[in-house]
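Colleague: Here it is, the structure in full.
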């Protein structure tokens, strides 16, 4: 079933929680230290990323939603760096900077895509006063996210929940700790299975998980409870609805760092667009599958997310939608396949067409045929054309052995769809100069090439129609 993302730009979300700076030191290791049996890493690259609640905000911004972030930091270079990282991506930061605190920083040493050690620099905020939002105006926001890493920023989470409820603003929470009563009355809670079992006890099977999940949902007066279960996917419990179990979408796991942040971000962005919990969980599950295939604290955007959904429903061969085609091209190019594209009306398929398409297919691994729809054929060829409707023309082309994908376009020229697809080789038949071909500039700029093929002599759709008329 095709999933279409909501317009995330319509959402305005407030994230409140434990903000952190994630640092990564990368380098090669080829020897063991003479001082101790540990690897020696020759650090060649250092990078900083937003972590914790800051990564949640960054994930939301990456999807295209408006987002503000409230948290506690020190008055230190790490806070400045974190604010710069977030502001650069459009996140509005409202940090309470304290003299007696240091900005939470986590340093990871990476070698050959493997994390060797993590060093944490932090003080427990719970030893001090929690974040106070009583004077903060919540009214502009469609939804509030509480991103709790158990550092003390959200020690007064119940006050925030009640303030939001008084304004009918949903509250979505990524919880931590062994006491979930502090989240009483929230809209949605998203523990992972380990966090959930820390509250309800060890689980033996799915039936027990669902029973205890519903019991906890009722006890905490939640609208919904979503349990993330790593390779087992997700389990969604809603009031007065059947449980919804969803398998994972991860294909290859590189690093699970920040996956929970991506889940809560995608859920929040979808729910803030007034979509239901099931669609939100599907989108969150897909987003998580994308980011755990990346190294370190990562994000995904709406384009990559939609492409991922389209790849799931795209057929291996035949007639496809433009969205499916873009996904199929991305997959083909990731496999180092050469993509060839041509276009035309192909009203009455004849030997000239088939010879031309066979020659085009031989130029690469995948051949795309873009076909003018019926209205554009009428504009180009006259009111009596096409002879065959679009559906029939596409089916005939798709049946040819050399043709991989057939897609329709509605404009008089294929300029737009070629620019969207950006094939490696653009092919056109006839007496043209390459630079006269629609899509030439886009393909060349992208590093592709344009090739002109000669039609087989003695065949044309117009001539065939004239012969039919003459013999009728």
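Colleague: Quick one: compute a quarter of the convex hull surface over the Cα atoms of region 318-470 and quote it in nm².
Modeller: On the way: hull surface 34.2 nm².
For the Cα atoms of region 318-470, the hull's average projected area reads 8.6 nm².
Colleague: Further question on the same structure: Run the Debye formula on the Cα coordinates of region 30-114, all scatterers equal and no solvent, and tell me log10 I(q)/I(0) at q = 0.13, 0.15, 0.20 1/Å.
Modeller: With no solvent term, the Cα-only Debye profile gives -0.55, -0.67, -0.90.
Colleague: Could you check the simple spin-label distance between residue 316 and residue 383, using points 7 Å along Cα→Cβ, in nm with one decimal?
Modeller: It works out to 4.7 nm between the two label points.
Colleague: For region 166-187 and region 371-444, compute the distance between their C-alpha centroids and round to whole Å.
Modeller: Centre-to-centre distance over Cα atoms comes out at 53 Å.
Colleague: Continuing with the same structure: Please determine, in degrees from 0 to 90 and to the nearest 10, the orientation of helix 206-220 with respect to the longest principal axis defined by the Cα atoms of the chain, where the helix direction is its Cα long axis.
Modeller: So the inclination is approximately 60 degrees.
Colleague: Counting each DSSP H run of 4 or more residues in the chain as -39500 (n - 2.57), what helix-only mean residue ellipticity at 222 nm follows after dividing by all residues, to the nearest 500 deg cm²/dmol?
Modeller: The per-residue figure over the chain is -10000 deg cm²/dmol.
Colleague: With each label point set 7 Å from Cα along the Cα-Cβ vector, what nm distance links residue 42 and residue 276?
Modeller: The two pseudo-label positions are separated by 5.8 nm.
Colleague: Now, a different point. Rounded to the nearest Å, what's the spacing between the alpha carbon centres of region 68-86 and region 214-239? Just the number, please.
Modeller: Distance between centres, Cα-based: 32 Å.
Colleague: Sticking with this one: Stretch residue 205-residue 336 to full length: gain in nm at 0.36 nm per residue minus the Cα-Cα span?
Modeller: 42.9 nm
Colleague: Once you compute Rg and the Kirkwood Rh from C-alpha atoms, what is the Rg to Rh ratio for region 1-151?
Modeller: 1.06
Colleague: Could you give the spread of the C-alpha atoms of the chain along their three principal axes, from largest to smallest, in whole angstroms?
Modeller: Answer, in whole Å and largest first: 94, 62, 45 Å.
Colleague: Go ahead and run the numbers for FRET between residue 412 and residue 434, Cβ-Cβ distance against an R0 of 25 Å, rounding to 0.05. Please report the intermediate quantities before stating the final value.
Modeller: Numbers: r = 20 Å, r/R0 = 0.80.
Calculated transfer efficiency: 0.80.
Colleague: Now, a different point. Helix 77-87 sits at what angle to the longest principal axis of the chain, using alpha carbons and giving 0 to 90 degrees rounded to 10?
Modeller: That helix lies at roughly 40 degrees to the long axis.
Rule-based calculations on the coordinates, nothing more; no lab input. This one's a predicted model, so the numbers in the text were calculated from it and none came from an experiment. In this analysis, Cβ positions are derived from the backbone assuming ideal geometry, glycine residues included, and neighbour counts consider all displayed protein chains.
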